[in-house]
Each structure stands twice: as C-alpha cells, then as structure tokens.
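Structure first, commentary second.
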Amino acid sequence: MPRFIVLLLALVALPLQAAPEIQHWTTDNGLRVYYVQAPELPMTDLRLVFDAGSARDGAQPGLAQLTNGLLDSGAGEWDADAIAERFEAVGAQYGAGAARDMAWVSLRSLSEPDWFEPAFTTFLAVVGQPRFAAADFERTRRQAFVALQAQAQDPGEIASKALYAALYGDHPYAHPPLGTRESLEALRRTDLAAFHARHYVARNGVLAIVGDLDRAAAEALAARVSAALPAGEPAPALPPVPALEEPRTLRIPFPSEQAHVYLGAPGMRRGDPDYFALYLGNHVLGGSGFTSRLMKEVRVARGLSYSVYSYFLPMAMEGPFLTGLQTRVDQAGEAVTVARDTLATFVAEGPSAEEYRAALANITGGFPLRVASNRDIVQYLAMIGFYGLPLDYLDRFTDRVEAVGIADIRDAFARRLDPERMITVIVGGPEAE
C-alpha cells in the first residue's frame, strides 16, 4: 500500500482530542493548585503565578518587574551562576516574567527524580528565598535603564505607553510595567524584599502542574511549593476602570517615516459574559490576519498599511480593546479615518454570514492545536486559576464559541465599543507648527 495512503488512514483513525481533565485543590496554607496528568511525555511543567504584576506597584512603578527579574540572581545558598548551572546541568528550563496583572515563575524538567529533584530544589529556593543582594540589584537596575533607553527610541513603545496612560488615568494599569528612570532611581533593595514578602505568598498564588505524575505525586509536589512560601494574604481587588468621558487624539512627534497608530478604549475583563461574542467578532474585525475586515479595508482596498489588527486584552479589570497599524506619516490621518469607519460599520452591522462562518470554523478548528502541548496546557491552567475561570473552560470552549450568533456579536459590540469615544495615539512626523 502506498505510504501516503497508510498515513492518511492513520490520520483518519485518530480520535478527536478531548480537552484535558483539570483537577483542583487548595493546600493547607492557601495555595490554589490546578493539575493535569499528562503521561505521554516524561516531563513535568510547573507555573507558579502571583497577583504581583505592575498593577501592585503603587507609587513605585517598575517595582514588580524588578522584583521578579531578580529572583534567580541569587537565592538560598546559590548565586546567579550556581543557579543557572544547576538548571543547565539537568536540562531544566526556568522562566519568569511580570505583566500588569500577574507575575510568574515556571519550570520545565524531565520527570525522572535524578533530573527533576535538583531543578525543583533550585526552583523552590528561587521562589521562596531570593537574596536581593545589593550588587545584583544595581546590575538589574542598570539593565532596566538600558531597556528604558531602547523603549524611548521605539515609536511603538512610545505609542503604547501614551495609550495606556490616556486610557487608564489614575488607575494602576496606567503606568508602564518597566517604570520610569525616576521611579527606578528611587527604588531601594529593601523595597524589592518587602514586595516579595507581601506578594509572593501562598494565599496570593496559583500553582499549575502538568506532567507524567499521578495525583498523589502532584499533591506532594504542591505541598513542597506551598511550604516554601509564607501563607500571607491575597492582594486586595483592583479598583474599577473608569469609563472614557470623551474622545482624545494624541499626536507625538518622532523622527520616523512611518507613523505608529493606536485606537483604543477599555474593553473587557477575564470571565466577562460577553467574552465569546467579542472574541469571535474581533476575529472577523481584526484578529484573523489577511482575511480580517480591517486588513481588507486599510491595506487591500487602499494600500495604507502593511499590517493592521485589533484585539481585546481581557485582564482582572477591563483590559484594553486596541486597533493598531503603521503607515506613512502623511497618510496617518486617512488611515485613522478608514480604521475608525471600519470599526463603526462593524459595530453597527456585525459580521456578514460568510465572515461569521469562516471565523467560527477557523477558531473551533484550530482550538485543539492551542492545547496540544504540555507547555500550552500549563499556561491555560495558570490563567484559569488566576482569573477564577470554570474548570470546564477548555472542555467547553468550542461549545461556547459555537453558541454565539451574529446578533450576539452585534449586540455585544454595540454595548461595549463606541467608535466616537476612543483614544487615538499617533506617533511619528515632525513637531506641529
């Protein structure tokens, strides 16, 4: 039998992949745990997230990111080089980061105890016993200064910072996660230690586990992570995001041939009842690349931009809805008009039947690939736990998308977006005379 026929039969015989079964419990000192058994690979993935993003910076922008960035620079009995060598010696991968809502640390390791145990022991020290040594603090802060200088030369970063500041005003989402030169200069090493002691605690965290370990082993592992952390207290709820009172257009001069353009407004939270309608609708509007409505109007029909897109970024409070594009400086005004008109038409009319069917098929058909790897699953688990989404979130994702109709999309967009009341940021071109 020809080889390609054998392959075809094998593919046909494959069952549809079901979403993984998620198990959940809470440790004695309050760490919430989400676990999926995945025996197919001899690997274990951990992702430990805390409500410790830049929204918790308070009056010290940059504090959350600097704290997270210093965790593996020295912990317990090891300095940064020793920590890196301990992970490298067993082929383990350590990761960390901080966004506006959350900060996280992750570990990927072979599950065999001789390989996993050294990596896991190091991971526990990094999370629970960071040194925040003076020399490491100064080095990391200098690196942050360099990153700030790079951002100051990037019109996209300038536009993003201006958009968030205009959208969120005095809300904790307004300031840049990296902070400012002035805020970083004002930070002290003790500020990082205090932030870690307050926020990297069990009751403020979620542990996601995916791997070839059974429930008993997962519980034992979670108990060791939990024991490495003080119980502490959860962070208080963030304040609500104020509604935009009026539209604003910000023009920021920058010596570039291309203008970076953003149109934005507060969008939605994680767990928002309109999530699936807005998600499916945005796939048509600006989330599907070359087939999106914005791409057809801005690029294909008028040649105003190489790329244009839109998305909702759901967060603990209303994250932004954003449309972005780059265009020649002298075309920026026309591109903004076309993008805004396209959005207005979509809000008024919703998708066509053909657009709706294509978006539905693309999202539901591609969803299995989004949960195809342990690395994907552990990130979803952390998100589900952090935002308090239902345990059947993955299992019912496609059902919930398929339950959305064209009228639902039209209704959700009409209630949530007002094209006449948005923040527009244009970075590029000379100073206005």
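The values are calculated or read from the model by the stated rules, or taken from the named source; none is laboratory data. As the structure is a computational prediction, the values presented were derived from the model and not from experiment. All Cβ positions, glycine included, derive from the backbone under ideal geometry; neighbour counts span all protein chains shown. Only protein heavy atoms, including side chains, enter the accessible area calculation; ligands, DNA and RNA are left aside. Shrake-Rupley method; radii C 1.70, N 1.55, O 1.52, S 1.80 Å.
Observations
- Residues (out of contact with any strand residue (DSSP E or B) (no Cβ under 6 Å at 6 or more places or on another chain), aliphatic (A, V, I, L, M) and either surrounded by 16 or more Cβ atoms within 10 Å (Cβ to Cβ) or closer than 30 Å to residue 113 by Cα (or both)) located in segment 218-243: 220, 221, 223, 227, 228, 229, 231, 235, 238
- Note on segment 300-313: residues that are surrounded by fewer than 22 Cβ atoms within 10 Å (Cβ to Cβ) and under 26 Å from the mean Cα position of the chain (by Cα) amount to 5.
- Residue that is at pLDDT 95 or above and part of a helix (DSSP H, G or I), where the choices are 207, 184, 263: 184
- Against the test of being closer than 25 Å to residue 234 by Cβ, touching a Ser or Thr at 6+ places or on another chain (Cβ under 8 Å), of a type outside the set (A, V, I, L, M) and touching a residue at least 24 places away in the same chain (Cβ under 8 Å), the options 69, 91 yield a single qualifying residue, 69.
Conditions (1) in contact with an Asp or Glu (Cβ under 7 Å, 6 or more places away or on another chain); (2) within 24 Å of residue 208 (Cβ to Cβ); (3) surrounded by fewer than 19 Cβ atoms within 10 Å (Cβ to Cβ), marked per residue:
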site	(1), (2), (3)
28	no, yes, yes
47	no, yes, no
50	no, yes, no
53	yes, yes, no
56	no, yes, no
61	no, no, no
71	no, yes, no
74	yes, no, no
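- So residue 333, is it in a loop (DSSP other than H, G, I, E, B) and over 26 Å from the mean Cα position of the chain (by Cα): no
- Residue 297 outside any loop (DSSP other than H, G, I, E, B), of a type in the set (D, E, K, R) and surrounded by fewer than 16 Cβ atoms within 10 Å (Cβ to Cβ): no
- For segment 400-433, residues that are small (Gly, Ala, Ser), touching a residue at least 60 places away in the same chain (Cβ under 8 Å) and open to solvent by 50 Å² or more (accessible area, probe 1.4 Å) total 3.
- The condition (being open to solvent by 60 Å² or more (accessible area, probe 1.4 Å), out of contact with any Cys (no Cβ under 8 Å at 6 or more places or on another chain), more than 25 Å from residue 154 (Cα to Cα) and hydroxyl-bearing (Ser, Thr, Tyr)) is satisfied by just one residue among 291, 342: 291.
- Residue check for residue 128: under 16 Å from residue 195 (Cα atoms), surrounded by fewer than 16 Cβ atoms within 10 Å (Cβ to Cβ) and modelled with pLDDT of 95 or more: no
- Residue 16 fulfils the conditions (1) open to solvent by 60 Å² or more (accessible area, probe 1.4 Å); (2) hydrophobic (A, V, I, L, M, F, W, C); (3) more than 28 Å from residue 240 (Cβ to Cβ); (4) modelled with pLDDT of 95 or more except for a single criterion, (4).
- Any hit, segment 245-253, residues being surrounded by 13 or more Cβ atoms within 10 Å (Cβ to Cβ) and under 22 Å from residue 316 (Cα atoms): no
For (1) touching a helix residue (DSSP H, G or I) at 6+ places or on another chain (Cβ under 7 Å); (2) of a type in the set (A, V, I, L, M, F, W, C); (3) open to solvent by 70 Å² or more (accessible area, probe 1.4 Å); (4) free of Cβ contacts under 8 Å to residues at least 24 places away in the same chain, each residue gets a yes or a no:
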residue	(1), (2), (3), (4)
97	yes, no, no, no
111	no, no, no, no
137	yes, yes, no, no
194	no, yes, no, yes
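- Pair list, Cβ < 9 Å and 6+ apart or interchain, from segment 18-38 residues that are hydroxyl-bearing (Ser, Thr, Tyr) to residues that are open to solvent by 70 Å² or more (accessible area, probe 1.4 Å) and not in a strand (DSSP E or B): 27/219; 27/227; 34/391; 35/215; 35/219
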